[in-house]
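Here is the structure we will look at, set down as structure tokens.
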Amino acid sequence: MAKRNIVKLGDDVLKKKCRPVTMIDSKIHELLDDMAETMHEAEGVGLAAPQVGLLKRIVVIDVGEGVIELINPEIVSVSEETQTGNEGCLSIPGRFCEVTRPKKVKVRAIDRHGKAFTMEGEDLLARAFCHEIDHLNGKLFIDIYKEQQKNAK
Ligand code: ZN
């Protein structure tokens, strides 16, 4: 395993849409391991592949209950109930904004063995699902924050 460099705000890679993973090989396994190590080292709760410079639909999350690996994740459903709280990002150090997200989020993804699964997250995990999947679509939490502020007026 190796720690990778985290891409910071201003790099174009953070604004691009990622491509689905079509083949899970040892390189993908290595990437997943490296991403988990990088996330833990930086004391983050989530990391998306574009944050290490790769336009692949891969996310790792750890909200304190072990590493969750998501390949080609999609949001299946969200609760009507929302949560509003401070959000930050390893690519935008030192910046935190209040962002509203669904309280519960269900995602579908494939694991490192190519097996499809669904998973439901609540509170921080639901927020992490949204934040990290946004990354795969070139969206940052500060963009969501701006949108929400605009809509609130
Ligand atoms: Zn982020």
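Compared with the direct C-alpha span, the chain from residue 65 to residue 29 gains 10.9 nm at full extension, assuming 0.36 nm per residue. Under the convention that each Lys and Arg Cβ holds +1 and each Asp and Glu Cβ holds -1, the size of the dipole of the chain around its Cα centre is about 680 debye.
Leaving out ligands and nucleic acids, note down the accessible area per residue over the chain with a 1.4 angstrom probe, in whole Å².
On the way: 8250 Å² over 153 residues.
Accessible surface, normalised per residue, equals 54 Å².
Let me test this: with uniform point scatterers at the alpha carbons of the stretch 1-92, what is the Debye-based log₁₀ I(q)/I(0) at q = 0.19 1/Å? Ignoring solvent entirely, the Cα scatterers give -0.97.
Taken over the C-alpha atoms, the stretch 12-152 has Rg and Dmax values of 14.3, 46 angstrom. Working note: 222 nm ellipticity from helices only, DSSP H runs with n ≥ 4, each -39,500 (n - 2.57), summed and divided by the residues of the chain, gives -8500 deg cm²/dmol to the nearest 500. Spin-label pair residue 43-residue 1: with each label point 7 Å from Cα along the Cα-Cβ axis, the two points sit 1.8 nm from one another.
The C-alpha atoms of the stretch 54-105 occupy a region whose extents along the principal axes are 30, 28, 24 Å, arranged from largest to smallest. To put it simply, the accessible area of the chain at a 1.4 Å probe is 47 percent carbon and sulfur. Just how many pairs of Lys in the stretch 12-152 have C-alpha atoms closer than 21 Å, counting pairs that are eight or more places apart or on different chains? Lysine pairs, 8 or more places apart or on different chains, close enough: 22. When the charge dipole of the stretch 12-152 is built from unit charges on Cβ atoms (+1 for Lys and Arg, -1 for Asp and Glu) and taken about the Cα centre, the candidate among 68, 31, 144 whose Cα reaches farthest toward its positive end is 144.
Can you tell me how much longer the chain between residue 150 and residue 77 gets when fully stretched, taken as 0.36 nm per residue apart minus their C-alpha distance, in nm with one decimal? Could you put the intermediate results ahead of the total?
Working: separation 73, 0.36 × 73 = 26.28 nm, distance 2.48 nm.
Roughly 23.8 nm would be gained on extension.
A simple spin-label model places the labels of residue 84 and residue 100 0.6 nm from each other, with each point 7 Å out along Cα-to-Cβ.
The values are calculated or read from the model by the stated rules, or taken from the named source; none is laboratory data. Here the structure is a predicted model, which is why all the values come from computation and not from measurement. Cβ coordinates were reconstructed from backbone atoms using ideal geometry, including for glycine residues, and neighbour counts include every protein chain displayed. Accessible surface areas use protein heavy atoms only, side chains included; no ligands, DNA or RNA. Shrake-Rupley method; radii C 1.70, N 1.55, O 1.52, S 1.80 Å.
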